[in-house]
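The structure under discussion appears below in the form of C-alpha cells.
What follows draws every value from the coordinates through simple rules; no lab data is involved. Just so it is clear, the structure is predicted and the values come from calculations on it, not from any experiment. Neighbour counts are summed over all protein chains in view; Cβ atoms, including those assigned to glycine, are modelled from backbone coordinates with ideal geometry.
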Amino acid sequence: MLPDLLVRRQTHFVLWRPGIITPPPCLFIGTLSQWLTTYDTFQEIPLAPDPEFPDLWMVAAADCGLTDGQVYAYWFKVKNTNPYPFAGDDEILYCTDPLATTVDRRPSRLAPCPSESGGVESQDPASVILYRHSRLYACDPDGREIRWWGKHPDPQMPANNNLVIYELPTRWTRADAGLGKGSFGDIVALIAPEVLPPSHPEIADLGKGRAHLLELGANALEVLPPADSDDVLEWGYGTSNFLAADHELGVPDGAIAPHAMTDLAHLVDVCHQHGIRFFIDVVMAFARNHPYQNINFLDFFVHWGSGDPEQTGREGFGGDLLKYNYWVEGYHPLTGEQSWFCPSREYMKVYLAHWLEQYRVDGLRLDSVNNVGNYDFIEEVRNFSRAFWCDRGGEDEQFLVVGEELSVPITLIHQGRLDGLWNEKFKQAVRQVILGNPGAGDRSFEWTVRKLIDCRFLGFKDGTQVVNYLTSHDVGGYENERIYDYLVNRGITDPPEISRRIKLAFVCLLTAVGIPMILAGDEFGDQHDLDLSDEHSNHKQVDPVNFDRLHQPWRRDLFDYVARLVKFRTAAPALALNDTDFLHIDYAEGKKVVVWQRGAGRDRVVVLANFSDYGTPDPFSPAAEYVVRRWPKTPEGLCWHEVTQDRVVLPDSVGREPIFPWEAKVYHLTEAVTE
C-alpha cells in the first residue's frame with residue numbers, strides 16, 4: 001500500500017515534522033520563465049497543521065490559486081534548524097521539499113533569499129510539480145510525465161538465481177580531459193540498438209546498431225545511486241533529495257531542459273522490455289545538503305561531536321549521519337495514524353516505496369550497511385520492500401535486497417535481515433587463484449577453490465545469498481584495482497597472458513554458486529587511466545570506462561569469450577542450482593587442475609580449470625590428452641559441447657582433451673548431431 005504521506009501529497013503540499021513553527025512554515029510557489037530569473041509570479045502561502053496531527057503541515061493545492069495544467073517551482077520557507085548555521089541563530093530560508101519528485105538545479109532555479117530579517121540564501125534547487133484538476137503530478141521541469149510501455153511486475157523477468165548483474169557507475173565513460181561522464185539517456189544506448197548515446201556519439205561500439213549490454217547478455221543492470229545529489233562528476237553517494245532522480249544525469253549533451261525523471265523511467269522501461277532487471281544503489285547511512293538538515297535537523301540527523309551515541313563507529317563522508325534510534329510520537333507517514341516511530345526509518349521507507357512505485361525498480365543494493373549503524377532497521381527495510389513488492393503482484397524470486405559490507409557479516413543472512421550480501425571474499429580469493437596462490441589463511445589451494453566455487457563452504461545456504469565479483473566500483477587502494485591493473489601490478493604485463501588469466505577468472509565467476517556481478521569494463525579488460533593508489537582520493541569516482549579499447553583485438557576476443565559465458569550462465573539450469581561436485585584434483589608435476597560439476601543428468605555442467613603453468617606436452621598432437629577419470633558418462637543421443645570456444649567435443653576426446661596453461665573449459669550436454 002502506498003504510504004499515507006504520499007497519498008496526501010497527491011492533493012496537498014505537505015511538510016512533515018517541521019522543527020520550528022514560529023514563524024509558521026510557508027509554501028513559496030510560482031512559475032519561472034525559461035531564460036529569466038524573476039519571482040514576480042511567486043506567492044507565499046501559509047501552511048496549517050492538520051487538525052489531528054500537529055506535526056503535519058499542509059495546504060490543499062486547490063486552495064493555492066494555481067492554473068490548471070501549469071508546471072510550478074516551489075520551496076518551503078522555514079526557520080533554519082541546522083546546528084551549523086550559515087550566519088546566525090535566527091535564519092529564515094527557502095528549502096527544497098523533502099518529498100520533491102523532481103528538482104531543478106539550473107542556476108536560475110536555485111532558492112532566492114527571503115526578504116525578511118534573518119533571510120539567507122540556501123541555494124536549494126527548486127522542487128517541481130504539475131498542477132492539474134486539483135491534483136499534483138510528478139513531472140520534469142518542462143512538464144513531461146512518465147509513460148510506461150509494459151506491465152509491472154512482469155512475471156517474465158529473470159529470477160534471482162538466473163541473474164548476471166552489470167554494475168555501472170553513473171558517470172561511466174570517457175569524456176573531455178578523460179573524466180567520466182554520462183546520463184540516463186546515454187545508458188539507454190547500451191541496451192537499445194537504435195539509440196545513439198547523446199553525450200558520446202563518437203564511440204563506435206556504443207553507436208546505432210550496437211547494444212553493448214545485449215551483446216554481453218547481462219540480465220540485470222545496477223546503477224550507482226540514481227537519486228539526486230550535489231555531486232556532478234562523482235558517483236552520487238551523498239544523496240540530497242531522496243525521492244528525485246539525479247538532476248545532472250537528466251542533462252545529456254545538447255539538452256535544453258533537464259529530463260531526469262522521464263529519462264530514468266525510460267531507461268527502466270527499456271531494460272524491462274529487453275528482460276533486464278533494474279537495481280538501484282541505496283545510500284541510507286548519511287545525506288548531504290538534505291532539506292531536513294534545515295527543516296528539523298535533530299529529529300533526523302546526528303549532530304557531529306555533540307556526544308550523540310549514534311555517531312559511534314560511523315562515518316559521514318562529508319555529510320550528516322541519519323539517526324535510526326531516535327523515537328517520537330506523532331503522525332506516522334506510512335499508516336496515517338498516531339504512533340511511536342523513528343522519523344528517519346519511516347522517511348527512508350517512504351523513499352523506497354516511491355522508487356518501487358514510480359520507477360518500478362526490482363532490486364535494491366544497500367550501501368555500507370555497517371555504516372547505517374542499526375541492523376534492526378536494515379531488517380525493516382528488507383521486510384518493508386519485499387512486502388511492498390509482493391503487494392504490487394511481484395514474485396519473491398524476482399526481487400532482491402542485497403547489502404554491502406566488505407567484512408561479509410553472514411549473520412545478517414542467517415537472521416533474515418537481508419536477502420543477500422556482496423561477497424568480497426570471492427574477489428579476494430579469485431585474484432589469488434589466478435596467480436596460482438591459495439587464499440590468505442587457507443589451509444590449501446584446493447580449499448580456496450572449493451570456497452570460491454561454492455559459497456556454502458563459507459556458511460551460506462543458497463546461491464542467491466551472495467553477489468560474487470572480480471572487481472567492484474570501489475577500485476581505490478591496494479588490491480582493489482580493476483582486474484587488468486591487478487595483474488599488471490603483479491608482473492603480468494603481456495596482453496595474451498593477461499587475457500588468459502582474466503578468462504580463467506570469469507569462468508570461476510560465471511560457474512560458481514552465487515549471483516555473478518560484472519563491473520562495467522571488466523568484460524573487455526579495461527584499465528585505469530588515473531592513479532588510484534590512494535583509496536581516499538576521488539580518482540576512482542571520475543576514472544571512466546573506456547569503451548574505445550574494445551577496438552583492440554585481444555580485448556574484443558576477451559569480450560566475446562565473456563559474452564558466451566554470460567549467455568550460458570543465464571540459460572543453464574544447472575548453474576541456477578546450489579549443488580557442486582568436485583570430480584578431479586591434480587597437483588602432480590606442478591599442476592593445479594580442478595574439475596567441478598554443477599547440476600546432474602542431462603543438464604549437468606562440467607568445468608575444467610588449470611591454475612598453473614602446466615600444459616599437455618605437444619598439445620596439438622593427435623595422441624595428446626589429459627585424462628579426467630571421473631568424467632560423467634555421456635547419455636545416449638547426447639554429446640558434449642565446449643562453451644568458451646563454442647565447439648562440439650568428439651566422442652573419443654570426451655574427458656581426455658589436452659589442457660593449456662591458465663586455461664579453463666566449460667562443458668555441457670547437447671543433442672548429438674547425426675549426418
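If amide hydrogens are placed 1.01 Å from N in the peptide plane, which non-local residues have theirs closer than 5 Å to the one on THR644?
Under 5 Å from the amide H of THR644: VAL666.
So what's the stretch 218-271 giving for Rg/Rh, alpha carbon basis, Kirkwood Rh from the mean inverse pair distance? Don't skip to the answer; put the middle values down first.
Details: Rg = 11.4 Å, Rh = 11.7 Å.
That ratio equals 0.97.
Among DSSP beta bridges whose residues both lie in the chain, state the antiparallel percentage, nearest 5.
On the way: 67 of 93 bridges.
Of the beta bridges lying entirely in the chain, close to 70 percent run antiparallel.
Would you list THR170, THR31 from fewest to most Cβ contacts within 10 Å?
Values: THR170 26, THR31 16.
By the 10 Å Cβ count, ascending, the order reads THR31, THR170.
Would you mind ranking TRP422, TRP340 so that the residue whose beta carbon has the fewest other beta carbons within 10 Å leads the list? Display every interim value, and only then the final one.
On the way: TRP422 25, TRP340 9.
Ranking TRP422, TRP340 by Cβ neighbours within 10 Å, fewest first, gives TRP340, TRP422.
Summing +1 for each Lys or Arg and -1 for each Asp or Glu, what net charge is found among the other residues whose Cβ lies under 14 Å from the Cβ of ARG9?
Details: positive: ARG8, ARG135; negative: ASP4, ASP50, ASP97, GLU357.
Net charge in that neighbourhood comes out at -2.
For LYS503, which lysines qualify as cross-link partners when the Cα separation must be under 21 Å and same-chain residues fewer than eight apart are set aside?
Reachable lysines: LYS425, LYS427, LYS451, LYS567, LYS591, LYS592, LYS665.
Could you size up the charge dipole of the chain around its Cα centre, putting +1 on the beta carbon of Lys and Arg and -1 on that of Asp and Glu, and report it in debye to the nearest 20? Working shown, then result.
Details: 61 positive and 97 negative charges, 345 e Å.
Using only the charged Cβ atoms, the result is roughly 1660 debye.
If amide hydrogens are placed 1.01 Å from N in the peptide plane, which non-local residues have theirs closer than 5 Å to the one on PHE53?
Those qualifying (amide H under 5 Å, at least 5 residues apart or on another chain) number zero.
Taking the Cα atoms only, what angle lies between the long axis of helix 495-511 and the longest principal axis of the chain, rounded to 10 degrees?
Compared with the principal axis, the helix lies near 80 degrees.
Run the numbers for TYR39 and LYS633: contour at 0.36 nm per residue of separation, minus the present Cα-Cα distance, in nm. Write down the numbers at each step before the final one.
Numbers: separation 594, 0.36 × 594 = 213.84 nm, distance 7.97 nm.
Result for the pair: 205.9 nm of gain on full extension.
Per-residue HN-Hα couplings for the stretch 393-402, Karplus 6.51 cos²θ - 1.76 cosθ + 1.60 at θ = phi - 60°, whole Hz, x for Gly and Pro?
x, x, 8, 3, 7, 10, 9, 8, 10, 10
For GLN415 and CYS113, calculate 0.36 nm times their separation in residues minus their Cα-Cα distance, and state this gained length in nm to one decimal.
Values: separation 302, 0.36 × 302 = 108.72 nm, distance 4.99 nm.
The GLN415-CYS113 span can extend by a further 103.7 nm.
Would you kindly derive the ³J(HN,Hα) couplings of the stretch 659-664 from the backbone phi angles with the Karplus curve 6.51 cos²θ - 1.76 cosθ + 1.60 (θ = phi - 60°), listing them in order in whole Hz, with x for Gly and Pro?
3J(HN,Hα) across the stretch 659-664, in whole Hz: 10, 10, x, 6, 10, 10.
Could you give the distance between the Cα centres of the stretch 218-246 and the stretch 1-80, to the whole Å?
When both Cα centres are located, 26 Å separates them.
Under 13 Å from the Cβ of GLY207, count the other residues' Cβ atoms, weight Lys and Arg +1, Asp and Glu -1, and hand me the total.
Overall, the nearby charge balance is -4.
Using just the alpha carbons, could you tell me how many Å³ per residue the convex hull of the chain encloses?
Measuring per residue, one finds 165 Å³ for the Cα hull of the chain.
Output needed for the stretch 4-137: three equivalent-ellipsoid semi-axes, defined as square roots of 5 times the C-alpha gyration tensor eigenvalues, in descending order, whole Å.
Equivalent ellipsoid of the stretch 4-137: 22, 20, 12 Å, largest first.
For SER306 and TRP340, what does the FRET efficiency come to when R0 = 22 Å and r is the distance between their Cβ atoms, rounded to the nearest 0.05?
The value I calculate is 0.40.
Rank the residues ASP618, ASP548 as a footprinting-exposure proxy: fewest other Cβ atoms within 10 Å of their Cβ go first.
Values: ASP618 10, ASP548 16.
Ordered by Cβ neighbours within 10 Å, fewest first: ASP618, ASP548.
Set the Förster radius R0 to 22 Å, insert the Cβ-Cβ distance between ALA440 and ILE585 as r into 1/(1 + (r/R0)^6), and round the FRET efficiency to 0.05. Kindly include the intermediate steps, with their values, before the conclusion.
Working: r = 21 Å, r/R0 = 0.95.
FRET efficiency, ALA440 to ILE585: 0.60.
For THR11 and ASP253, what is the calculated FRET efficiency with R₀ set at 41 Å and r taken between the beta-carbons, to the nearest 0.05? Spell out each step's value before the answer.
Values: r = 38 Å, r/R0 = 0.93.
Working from the Cβ atoms, E equals 0.60.
Give a residue-ordered list of calculated ³J(HN,Hα) values for the stretch 271-285 (Karplus: 6.51 cos²θ - 1.76 cosθ + 1.60, θ = phi - 60°; whole Hz; x for Gly, Pro).
So the J values, rounded to whole Hz, are 4, 5, 4, 9, x, 10, 6, 10, 9, 10, 8, 10, 10, 10, 6.
Sequence-distant or interchain residues sharing an amide H contact under 5 Å with SER368, placed H: which?
Amide H neighbours of SER368: GLU404.
Starting from 0.36 nm per residue, how many nanometres of slack lie between LYS151 and ASP494 once their C-alpha separation is accounted for? Numbers along the way, then the final one.
Working: separation 343, 0.36 × 343 = 123.48 nm, distance 4.92 nm.
Contour length minus Cα-Cα distance gives 118.6 nm.
Averaging over every viewing direction, what projected area does the convex hull of the Cα atoms of the stretch 265-379 cover, in nm²? Walk me through the numbers before you get to the answer.
Values: hull surface 33.4 nm².
The number I arrive at for the stretch 265-379 is 8.4 nm².
Kindly identify the stretch 576-671 as rounded, prolate or oblate by the Cα gyration tensor criterion: order the square roots of the eigenvalues as a ≥ b ≥ c, call it rounded if a/c is under 1.5, otherwise compare a/b with b/c, prolate if a/b is larger, else oblate. Let's see the in-between values first.
On the way: a/c = 1.96, a/b = 1.31, b/c = 1.50.
It is oblate, given that a/c is not under 1.5 and a/b is not larger than b/c.
Using Cα positions and a limit of under 13 Å, work out the aspartates and glutamates in reach of LYS461, with same-chain residues fewer than 8 apart set aside.
Result set, ordered by chain and number: ASP419, ASP579.
Could you tell me the center-to-center distance, by alpha carbons, between the stretch 389-427 and the stretch 343-382 in angstrom?
Result: 12 Å between the Cα centres.
Under 8 Å for C-alpha pairs, at least 6 residues apart: give me the relative contact order for the chain, rounded to a whole percent.
On the way: 1511 pairs, mean separation 73.7, N = 675.
Computed over the chain, the figure is 11 percent.
Residues with beta-carbon under 13 Å from that of ASP68, excluding ASP68: net charge, scoring Lys, Arg +1 and Asp, Glu -1? Mind showing how you got there, number by number?
Working: positive: ARG132, ARG135; negative: none.
Spelling it out: positives minus negatives among the neighbours equals +2.
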